[in-house]
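Comments concern the structure below.
The values are calculated or read from the model by the stated rules, or taken from the named source; none is laboratory data. Source: prediction; values computed, not measured. So basically every Cβ, Gly included, is an ideal-geometry build from the backbone, and we count neighbours across all protein chains shown. With ligands, DNA and RNA removed, areas are computed over all heavy atoms of the protein, side chains included. Shrake-Rupley method; radii C 1.70, N 1.55, O 1.52, S 1.80 Å.
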Amino acid sequence: MTARVATLAQQVVRWQTQYGRHHLPWQQTRDPYRVWLSEIMLQQTQVTTVLDYYERFLQRFADVTALAHASEDEVLALWSGLGYYSRARNLHRCAQMVVAQHGGAFPSSAQALALLPGIGRSTAGAIAAFCFSERVPILDANVKRVLTRWLGFDADLALAANERRLWDHAQTLLPQDDLAHAMPRYTQGLMDLGATICLSRKPVCAQCPLQDGCVAARQGEPERYPVKTRKLVRKAQSWWLLVLRDGAGRVWLHKRPATGIWAGLHCLPVFEAREQLLAHPAILAAPQVTELPAFLHVLTHRDLYLHPVLAASTVDVPVGEDGGWFDAGQWRQIGLPAPVRKFLENW
């Protein structure tokens with residue numbers, strides 16, 4: 001097993017050096033701020049989507065101090081469209097903590113990094129391996145797929161005990177020598193294999209440098225790994241959006257609750273039933289009400305059908321707490337859910 005383990009690390013490092021991805025902007029740096037920013041953005045988001053957001057963030061917030069001193073609305077506005085907005089709020093909190101508690105320098109160990117907001121074990125490992133060559137594993141979705149297939153690890157990862165066992169295997173498989181060179185290459189190599197060859201469906205085993213030692217390839221059924229029995233149940237839900245505009249063309253927006261979908265973002269007032277919206281004082285006082293066709297917004301766990309209802313406001317009718325009137329120049333500068341921003345841009 002020892003020789004097989006050593007061979008794995010060597011094969012991954014060698015393959016990544018020659019065939020892995022080298023063109024992504026965060027691969028050209030060992031700056032923890034830039035690596036951290038990319039790792040947070042890449043959580044549950046495709047590389048092609050992240051690229052533009054990453055560049056815009058760096059243009060606006062060149063370093064962790066600039067991000068820490070920004071307002072939450074500035075951060076959320078730039079994040080709008082990436083989804084999973086708790087990542088943006090944790091990003092902001094983390095930057096503030098790095099500046100306040102660490103003098104603007106990220107900790108150099110995975111253990112210390114994992115104490116910061118929004119940085120879990122795998123993200124901490126990635127930052128520590130890339131920036132400080134620490135001998136620590138990562139286990140994002142791509143890496144789980146590569147390792148469970150190579151190991152033939154068929155324990156159910158829905159159980160925490162089995163997840164911990166996989167972490168132990170990941171630790172054992174790490175490079176042993178020349179860590180300054182090997183750890184960044186090995187970590188990136190596992191990510192690259194999972195993203196380009198060891199795909200969830202139709203993996204390209206013939207091009208994989210690990211094929212000879214891979215249990216799943218030998219069994220001829222790599223797609224059965226990793227095993228995770230707990231499945232997400234998709235739901236459909238309808239929301240009615242109150243699109244209230246005053247005589248100056250401003251739209252009424254308020255902040256969403258601190259938890260739940262679009263938590264903490266500015267948004268059009270949301271109603272879970274059409275009857276609730278139509279009974280609202282702002283609608284009853286409006287001289288004209290227009291119901292627009294619904295449109296679909298797809299989230300990870302549900303299909304959200306959004307029903308905009310337009311109304312003109314001629315009197316000062318309270319719409320809700322923590323809200324106000326925003327013109328186009330103002331709402332473009334705050335954090336809005338992507339479908340709401342798109343609707344307002346095209347309205």
**Report entry** Distant alpha-carbon pairs in the chain (separation over 33 angstrom), percent
**Finding:** 40 percent
Report task. Calculate, in nm to one decimal, what Arg30 and Lys228 gain on full extension: separation in residues at 0.36 nm each, minus their alpha carbon distance. Result -> 67.9 nm
Query raised in the report: Lysine pairs in the chain 8 or more apart or on different chains: how many have alpha carbons under 19 angstrom apart?
Result: 5
Requested in this report: Sort largest first and round to whole Å: the equivalent ellipsoid semi-axes of the range 67-116, each the square root of five times a Cα gyration tensor eigenvalue.
Outcome: 22, 13, 7
Report summary line: Two pseudo-spin positions, 7 Å from Cα along C-beta at Arg218 and at Leu296, lie apart in nanometres by 4.4 nm
Query raised in the report: Tell me, Kirkwood radius of the range 94-197 from alpha-carbon pair distances, in Å?
Result: 14.5 Å
Query raised in the report: How large is the accessible surface per residue of the chain, computed with a 1.4 Å probe and reported in Å² as a whole number?
Result: 49 Å²
**Report entry** Percent of Cα-Cα distances greater than 28 Å, calculated over the range 131-287
**Finding:** 49 percent
Report summary line: Of Gly213, Gly81, Gly329, the most mobile residue in a GNM of the chain (C-alpha springs, cutoff 10 Å) is Gly329
Query raised in the report: Just the Cα atoms of the range 237-347, one point each, no solvent: what log10 I(q)/I(0) does Debye give at q = 0.14, 0.15, 0.17, 0.19 Å⁻¹?
Result: -0.52, -0.61, -0.79, -1.02
**Report entry** Highest average packing first - 130-137, 277-284, 255-262, Cβ atoms within 10 Å
**Finding:** 130-137, 277-284, 255-262
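Just order 20-29, 118-127, 70-79 by mean Cβ neighbour count inside 10 Å, highest at the front, would you?
118-127, 70-79, 20-29
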Query raised in the report: At Asp156 and Ser86, where each label point lies 7 Å from the Cα along Cα→Cβ, what is the point-to-point distance in nanometres?
Result: 2.4 nm
Report summary line: One quarter of the C-alpha convex hull surface, i.e. the mean projected area of the range 42-85 in nm², amounts to 3.0 nm²
Query raised in the report: Expressed as a whole percentage, what fraction of the accessible surface of the chain belongs to carbon and sulfur atoms when a 1.4 Å probe is rolled over the protein heavy atoms?
Result: 51 percent
Query raised in the report: Stretch Arg245-Gln207 to full length: gain in nm at 0.36 nm per residue minus the Cα-Cα span?
Result: 7.9 nm
Query raised in the report: By what distance, in whole Å, do the Cα atoms of the range 1-158 stretch along each of the three principal axes, largest value first?
Result: 52, 35, 31
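If each DSSP helix of 4+ residues adds -39,500 (n - 2.57) and the sum is divided by the residues in the chain, what number results at 222 nm, nearest 500 deg cm²/dmol?
After summing the helix terms and dividing by the residues of the chain, the value is -13500 deg cm²/dmol.
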Query raised in the report: Val289 to His102: extension gain in nm, 0.36 nm per residue of separation minus the Cα-Cα distance?
Result: 61.9 nm
